[in-house]
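So the structure is just underneath, and the comments pick up after that.
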Amino acid sequence: MPGGDPGEACAVVMGELPDFPYLPELPDRGVGADMIGRTAALLVDLPVETTARGWKFAAHPGQDQGRAASFLGFDLDAMQEAADGYRGAFKISVCGPLTLAARIELSRSQNPALSDEGALADLTASLAEGVTAFARQVSERIPGATVVLQVDEPSLPLVLDGRIRTASGLNFVRALDQAVASDVLRRVLVTPGVYTVVHCCAAGLPFLFIRDTGARAISFDLELVGRADIDAVAEVAESGLGLLVGAVPTVTDGKARPRPPRDTAEAVVTLWRRMTLDPAKLAEQVVVTPACGLAGLSPGDARARLEQCREAARIVPEMIVEGAAE
């Protein structure tokens, strides 16, 4: 979400998405509030610090990681107040282990942790433990919440294709074996014992790979789903996984008007029809979401995108039933 006031952001989320709220991230606050720093605050016995390029492993805990932990604490306090008395699904997000390993540098070099088998294993274990504690803390703060854990993996296609650059920028880290990558991601997904979603708004999303990691749902940008992806998405849906369909664009030039909720709903229904799946299952398995993060929008535009998701979701069940009856 845009802005730097966690109280305001939490109030907007609870107001616009009363049936499926989430803990917002506010990267505009700076270092430590970014996706990597926020998740680094959860790491157990694995210190990190910032560099001119981003984040790296450190010998001792420092102020950078402490700042990130403070930001997260402020957010949790704000949400605990805003969600007082709430009962239902509540989503939290963390950066996934593969993207984290691609973005955090080794302490002894500037290469990403992804390039070192031991560092990747340590990072995975630390993150799994930290995320489990995070989910437990949210449950304690919001007793009526059923925690849904979203694991953000924007670099997943790059990791699997061997397109993560080394420190020099001249070479690439060797593609991670899919079996190894699957085990890494599965550990973080399974350990907390909650409903899990893998989110990636990049092109080339490996739907079947994610399905096999044990995720319960997949979140993706609908505009990036091409003809070649339809069979894979259908297979995922037939397996019973949820689909968080990013049907509301989050990139704007400031001139284009947001599409009407009915157009958003039609895009979701069209995807389902293209997969020739049971119309009755759509409302059970699909959540309408923004395509990606909202931090690049104005506060008003971000609120409007959430409202658009809610209104489109209300229309979708009626629209799919009408189409089935034709």
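The values are calculated or read from the model by the stated rules, or taken from the named source; none is laboratory data. The structure displayed is predicted, hence computed values, not measured ones. Here Cβ is always computed from backbone atoms with ideal geometry, including for glycine, and neighbour counts include all displayed protein chains.
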Residues that are in contact (Cβ under 8 Å) with a residue 12 or more places away in the chain, surrounded by fewer than 20 Cβ atoms within 10 Å (Cβ to Cβ) and of a type in the set (S, T, N, Q), drawn from the stretch 46-84: Thr51, Ser70, Gln80
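For (1) under 24 Å from the mean Cα position of the chain (by Cα); (2) surrounded by 17 or more Cβ atoms within 10 Å (Cβ to Cβ); (3) without any contact (Cβ under 8 Å) to a residue 40 or more places away in the chain, each residue gets a yes or a no:
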site	(1), (2), (3)
Ala265	yes, yes, no
Arg273	no, no, no
Pro279	no, yes, no
Thr289	yes, yes, no
Ala295	yes, yes, no
Pro299	yes, no, no
Val316	yes, yes, no
Ile320	no, yes, no
Which numbered condition Leu241 fails, given (1) among the aliphatic types (A, V, I, L, M); (2) surrounded by fewer than 18 Cβ atoms within 10 Å (Cβ to Cβ); (3) modelled with pLDDT of 95 or more: (2)
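Condition check ((1) small (Gly, Ala, Ser); (2) farther than 16 Å from Phe20 by Cβ) across all residues:
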position	(1), (2)
Pro260	no, yes
Glu266	no, yes
Arg274	no, yes
Val287	no, no
Pro290	no, no
Gly293	yes, yes
Pro299	no, yes
Glu307	no, no
Given (1) assigned to a loop (DSSP other than H, G, I, E, B); (2) surrounded by 21 or more Cβ atoms within 10 Å (Cβ to Cβ); (3) of a type in the set (A, V, I, L, M), number of the condition Val251 does not satisfy: (2)
For Leu277: the one exception among (1) part of a helix (DSSP H, G or I); (2) touching an Asp or Glu at 6+ places or on another chain (Cβ under 8 Å); (3) not small (Gly, Ala, Ser): (1)
Given (1) assigned to a loop (DSSP other than H, G, I, E, B); (2) of a type in the set (Gly, Ala, Ser); (3) out of contact with any Ser or Thr (no Cβ under 6 Å at 6 or more places or on another chain), index of the condition Ala313 fails: (1)
Complete set of residues in the stretch 213-238 that are assigned to a loop (DSSP other than H, G, I, E, B) and surrounded by 14 or more Cβ atoms within 10 Å (Cβ to Cβ): Thr213, Gly214, Ala215, Arg216, Val225
